[in-house]
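Everything below concerns the one structure shown next.
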Amino acid sequence: MKNLSVRLKLLLGIAPLIALVATLALTAINSLNSLTFRAERLMSVNYVLDTLNEIRVAQLAYTLKQEQSELANLHQAYVRLDRLIDDSLKIMPSPDAQASLGATRDIMQGYMDGFKRSLDASSGELNGPFGKYLLGEVLKAVNQTKSLISRQNLVRAEEFDYRISLMLAEFYITLLLACGFAWLLVRQIYRPLQHAVSLAHDILELGQEDEPTLARNDEFGKLIQALERSGAPSTQGYPATPAQAAIKSNVRP
């Protein structure tokens, strides 16, 4: 590491930090997309539940009022329910959701078949006991859908906790790496500069002694060695440089 340039050392130090920050950002984006998509799937199932309740209300209203408009509302709600179940099956590939939604569809198909048979051909009225049975079938489908929503909420909560834990772990690792990079900056830039400034001050005062040279081969090591050589007395019989002679001539004994 001592033979590497300062620029390369800093690049090697900051590269993992940048990579980890990018990983943290991608994890956050992916987590947000995943949780949003799961919320959309739950919303789709909630639409199924709302439509089931509409069918139940429409049947009760038709039984009480005997109005054809309520019968039309029930048929429209059933068609909408079938479409919503199709949409939910497409976006919820888990076996649990597929089985639950399939069971709800089977219940409601049997409900509609029974509902059509229960209508009197002449008056269009529902048979009383069988009407209660049909309401029980709708309630069965409602409970089936509520159970699916509860299970999906548990899965979403577990996924949310996992995503948060993962992002916190990446954040703390990023923070630790940032502290390490700050330490690298201090070690590779501030301390060598401080030593070089100290040597320059000693040279100007001509009062320095032989200072231990840092075993560095980078830019700062060359700077420190150059400063030491510029202020050191000649040991090979060479005359002092004009700059050194000028400095010495201005020093009082």
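The values are calculated or read from the model by the stated rules, or taken from the named source; none is laboratory data. These numbers come from a predicted model, not from an experiment. Reconstructed Cβ throughout: ideal geometry from the backbone, glycine too, with neighbour counts over all protein chains shown.
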Test: residue in the stretch 35-42 that is more than 30 Å from Val186 (Cβ to Cβ), outside any helix (DSSP H, G or I) and of a type outside the set (Val, Ile, Thr): no
In the stretch 161-198, residue nearest to Ile29 (Cα to Cα) [restricted to those that are modelled with pLDDT under 85 and of a type in the set (S, T, N, Q)]: Thr174
Meets criteria (closer than 19 Å to Glu137 by Cα, surrounded by 13 or more Cβ atoms within 10 Å (Cβ to Cβ), out of contact with any strand residue (DSSP E or B) (no Cβ under 6 Å at 6 or more places or on another chain) and of a type in the set (D, E, K, R)) for Arg41: no
Some residue of the stretch 23-31 being under 23 Å from Arg151 (Cβ atoms) and surrounded by 14 or more Cβ atoms within 10 Å (Cβ to Cβ): yes
Members of the stretch 78-101 that are in contact with a Leu (Cβ under 8 Å, 6 or more places away or on another chain) and hydrophobic (A, V, I, L, M, F, W, C): Leu81, Ile85, Leu89, Met92, Ala97, Leu101
Residue match in the stretch 140-160 (condition: at pLDDT 85 or above, within 30 Å of Gly13 (Cβ to Cβ) and of a type in the set (Phe, Trp, Tyr)): no
Matching residues in the stretch 119-134 - criterion: being assigned to a helix (DSSP H, G or I) and modelled with pLDDT under 75: Gly128, Pro129, Phe130
Residue within the stretch 45-65 that is within 31 Å of the chain's Cα centre (by Cα) and not hydrophobic (A, V, I, L, M, F, W, C) present: yes
Failed item, numbered, when Thr36 is tested on (1) at pLDDT 85 or above; (2) under 38 Å from the mean Cα position of the chain (by Cα); (3) of a type in the set (Ser, Thr, Tyr): (1)
Residue within the stretch 63-82 that is farther than 24 Å from Asn153 by Cβ, touching a residue at least 60 places away in the same chain (Cβ under 8 Å) and either out of contact with any His (no Cβ under 7 Å at 6 or more places or on another chain) or in a helix (DSSP H, G or I) (or both) present: yes
